[in-house]
């Protein structure tokens, strides 16, 4: 999976996809791949999970050896695009700084997504358009939540169809064809083992295939509860609870243990539901009690690395 040029990490909000994107970046950098994690809409969630401060907007900021971060603002992406496309730097600066032009751009549906995906595409090229920029082995896009993430991936094609001809249409087709080539791009979905996130992930798998011709490269079940008791131990807990008076401290502890067991069992059912629907075994990451930080992120990356090593290779 890490041999793709672009990995798009998406999932229902609140599933921890930004943390998983950061962990993937750590794994890739450990493997010697020059990696950048891109966030869109001016978000800067990833640096904090690695114990780093966010860099300047639109700057490619080093987080640790072999790993960089960029927060993509569509306005900055527009200015860079104008600078690349127009014959005069002065004209590019004039248009990029024009309030009326900025208002027109912000009022155009889907333009922010197109500009953001255009920058993601640029980051993933060997011959980059940004002056003096080095190539990356891997770009990890911490994409918007499921539906918005799919819309962002679809934006280049939508603009190409709307423009029909000319430079915008050509650029849109070029980016769309590259993004939807499975030799370049993989999509990883992050979910919790709960009914709604699992349902959204199943729907995403179908929509990706139908709209973009892409399959899910991998599915990560994040924050999975540990199953601490065997069936025999559960039976002992139930017998012990039956022998206690309701309301005493030991009974409360036994009830809590059985409730946790029921949650873990329900989560396993959701994992199996997802596995059947997407025809692949999800990678499982454990629930972390501690507050997030660089040390916890490294531990999560190690768990993810073990899961990737066990996962069968996908074409």
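FYI, it's all coordinate maths here, none of it is from the lab. Owing to the predicted nature of the structure, the values given are computational and were not obtained by experimental measurement. Every residue, glycine as well, gets a Cβ built from its backbone with ideal geometry; the counts of neighbours run over all protein chains shown.
Using only Cα atoms and rounding to the nearest 10 degrees, what angle (0 to 90) does helix 294-310 make with the longest principal axis of the chain?
Value to nearest ten degrees: 90.
What order do you get for 183-193, 128-138 when each peptide is scored by the mean count of other beta carbon atoms within 10 Å, highest first?
Values: 183-193: 22.8, 128-138: 14.1.
By packing density, highest mean first, the sequence is 183-193, 128-138.
Using a 7 Å offset from the Cα along the Cα-to-Cβ direction at both residue 129 and residue 265, what is the distance between the two label points in nm, to one decimal?
Output for this residue pair reads 5.7 nm.
Do you know the relative contact order of region 160-315, to the nearest whole percent, from alpha carbon pairs under 8 angstrom that are 6+ apart? Mind dumping the intermediate values first?
Working: 147 pairs, mean separation 35.7, N = 156.
Worked out over region 160-315, it gives 23 percent.
Which residues does the label zone of residue 203 cover in region 131-164, counting backbone N under 20 Å from a point 7 Å along Cα→Cβ?
Residues 143-155 qualify, since their backbone N sits under 20 Å from the label point.
Would you kindly calculate the translational diffusion coefficient of the chain, applying Stokes-Einstein with the Kirkwood radius from alpha carbon pairs, for 20 °C and a viscosity of 1.002 mPa s, and quote it in µm² s⁻¹ without decimals?
Details: Rh = 21.3 Å.
Answer, rounded: 101 µm²/s.
How do 228, 30 rank when sorted from fewest to most other Cβ atoms within 10 Å of their own Cβ? Could you put the intermediate results ahead of the total?
Details: 228 11, 30 17.
In increasing order of surrounding Cβ atoms, one gets 228, 30.
What does the extension gain come out to for residue 303 and residue 240, with contour length at 0.36 nm per residue minus their alpha carbon separation?
Working: separation 63, 0.36 × 63 = 22.68 nm, distance 3.51 nm.
Full extension from residue 303 to residue 240 adds 19.2 nm.
Which residues in region 152-167 have a backbone N closer than 14 Å to a point placed 7 Å from the Cα of residue 41 along the Cα-to-Cβ line?
152-153
How much of the DSSP bridge set in the chain is antiparallel, in percent, rounded to the nearest 5? Numbers along the way, then the final one.
On the way: 3 of 32 bridges.
So the antiparallel bridges amount to about 10 percent of the total.
Helix 111-123 versus the longest principal axis of the chain: what angle, 0 to 90°, nearest 10, using Cα atoms?
It is inclined by approximately 90 degrees.
By how many degrees, 0 to 90 and rounded to 10, does the Cα axis of helix 17-30 deviate from the longest principal axis of the chain?
Roughly 80 degrees, rounded to the nearest 10.
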